Amino acid sequence: MTRAQLEHAIRAACEVTRDHEVYVFGSQSILGQFPEVPDTLKMSAEADISPKHRLDRVEALNVIGASGVFPSIRRPVSDLRAGST
């Protein structure tokens, strides 16, 4: 996963959960602070993301993640305040 792919996943998570902040944890969270890491650290194709405020929407992320289909994103990542560390 690249930083751009992580940003897309964050935008999708914010859209699905209707939350403007999320937590990113797990192996790909390193991309939040260090976008240019060795390829060996970018091997995972999954990002672990949880809404910060809308915990009632966690199940929506599980359904979207399982299907592999993400909603169309209408906002640039700079418009979102996503916590990634």
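Read the figures in this text as sums done on the coordinates, not as results from a lab. It should be emphasised that the depicted structure is a prediction, and the values quoted were computed from it without experimental measurement. Backbone-built Cβ (ideal geometry, glycine too); neighbour counts: all protein chains shown.
Just so you know, in the stretch 27-44 the residues that are touching a residue at least 40 places away in the same chain (Cβ under 8 Å) and not in a loop (DSSP other than H, G, I, E, B) include one that is surrounded by the most Cβ atoms within 10 Å (Cβ to Cβ), and it is Leu31. Screening the stretch 9-26 for residues that are in contact with a strand residue (DSSP E or B) (Cβ under 9 Å, 6 or more places away or on another chain) and in a loop (DSSP other than H, G, I, E, B) and picking the one that is surrounded by the most Cβ atoms within 10 Å (Cβ to Cβ) gives Asp19.
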